[in-house]
Amino acid sequence: MKKLAFPIALIALIVSIASFFFLQSSSDLVYVDVNKLLDGYKRTKVVKAEFDKKAKTMKSNVDSLLSDWQKELKIYEKERSSMSKKELELKQELLGSKQQQINNYQQAVQKQLQEEDKKVTQTVINDINDFVKEYGKKNGHKVIFGATGSGTIMYGEESADLTDQVLEELNAEFEGK
């Protein structure tokens, strides 16, 4: 009996190790293509459309101010020969001041648009991250990697790519289905 104990224990150990690796779910190491999720997520499109509309309005305000200033400059150039020296100085100072104000406003608009773009993009990314976290828990994944195309995941079997499933459920949740 003692002669059989060691081989049986050894076989049991080998079987348990083999079953651990064999039964180890292939879903433990999965990934999603982050760029594909961002591009395919319907909320991204909605938020981008809202942002683009706001950006267009703000840029048209700047363009309108620039156009008015350019008209004023053309009028000044036509009428400057009939102006006194004092009027010329005042008009040049006024035009220069307006140009500086427009430049400052334009820079402020650009900065605001960059900040808002960053903010709305981060909001969408946070949505996706929260969803993927819950998706992973719900589906029993230990780890879900995010592939970004910059070398974070150089290769992954298609069976380990959850992007399409996650995107489908993410959009369904966004649409309230």
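For the reader, a short list of remarks on this structure follows.
- Selection within the range 121-156 - in contact (Cβ under 8 Å) with a residue 60 or more places away in the chain, surrounded by 17 or more Cβ atoms within 10 Å (Cβ to Cβ) and in a helix (DSSP H, G or I): Val124, Asp127, Ile128, Val132
- The set of residues in the range 86-118 being over 16 Å from Ile75 (Cβ atoms), surrounded by 12 or more Cβ atoms within 10 Å (Cβ to Cβ) and either free of Cβ contacts under 8 Å to residues at least 40 places away in the same chain or of a type in the set (D, E, K, R) (or both) consists of Gln101, Asn103, Ala108, Gln110, Glu116, Asp117.
- Test for Ser159: is it surrounded by fewer than 15 Cβ atoms within 10 Å (Cβ to Cβ), in contact (Cβ under 8 Å) with a residue 12 or more places away in the chain and over 21 Å from Tyr41 (Cβ atoms): yes
Residue-wise test of (1) under 18 Å from Leu29 (Cα atoms); (2) within 17 Å of the chain's Cα centre (by Cα).
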residue: Asn104; (1), (2): no, no
residue: Glu115; (1), (2): no, yes
residue: Thr121; (1), (2): no, yes
residue: Val132; (1), (2): yes, yes
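Rule-based calculations on the coordinates, nothing more; no lab input. Keep in mind that what you see is a predicted model, and the values were worked out from it rather than measured. A quick note on method: Cβ atoms are made from the backbone with ideal geometry, for glycine too, and the neighbour counts reach across all protein chains shown.
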